[in-house]
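The values are calculated or read from the model by the stated rules, or taken from the named source; none is laboratory data. The structure presented is a predicted model; accordingly, all values stated were derived computationally and were not measured. No Cβ is skipped: glycine too gets one built from the backbone with ideal geometry, and neighbour counts run over all protein chains shown.
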Amino acid sequence: MTDEIPTVPVGPIKTERDGDDTYLLLHGVRVAKRGRAGTRKAKKWIPIVSWIDSIIDDTASSVIIRYARDKTGRA
């Protein structure tokens, strides 16, 4: 048995600007907010839904989303 990391095609994951804020959308749902400059969370994704534990930038065009083990949700 392999421990493959599931991937989501590019279409369901997008970013969206709303004023000074940038959000990460998964299937059209805002799931994270980009930390603002000058804060300790600057340029990091901050989950805004309970079923996501963390989000990190993997490459310039991809992210890794870690789902919370004790929460459930569908994207």
First in region 47-60 and surrounded by 15 or more Cβ atoms within 10 Å (Cβ to Cβ), second anywhere and at pLDDT 90 or above and among the polar types (S, T, N, Q), Cβ under 9 Å, 6 or more apart
PRO47/SER54
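Residue by residue, here is whether (1) at positive phi; (2) among the hydrophobic types (A, V, I, L, M, F, W, C); (3) outside any loop (DSSP other than H, G, I, E, B); (4) out of contact with any strand residue (DSSP E or B) (no Cβ under 9 Å at 6 or more places or on another chain) holds:
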{"position": "LEU25", "(1), (2), (3), (4)": "no, yes, yes, no"}
{"position": "ALA37", "(1), (2), (3), (4)": "no, yes, no, yes"}
{"position": "ARG40", "(1), (2), (3), (4)": "no, no, no, yes"}
{"position": "ILE46", "(1), (2), (3), (4)": "no, yes, yes, no"}
{"position": "SER50", "(1), (2), (3), (4)": "no, no, no, yes"}
{"position": "ASP53", "(1), (2), (3), (4)": "no, no, yes, no"}
{"position": "ASP57", "(1), (2), (3), (4)": "no, no, yes, no"}
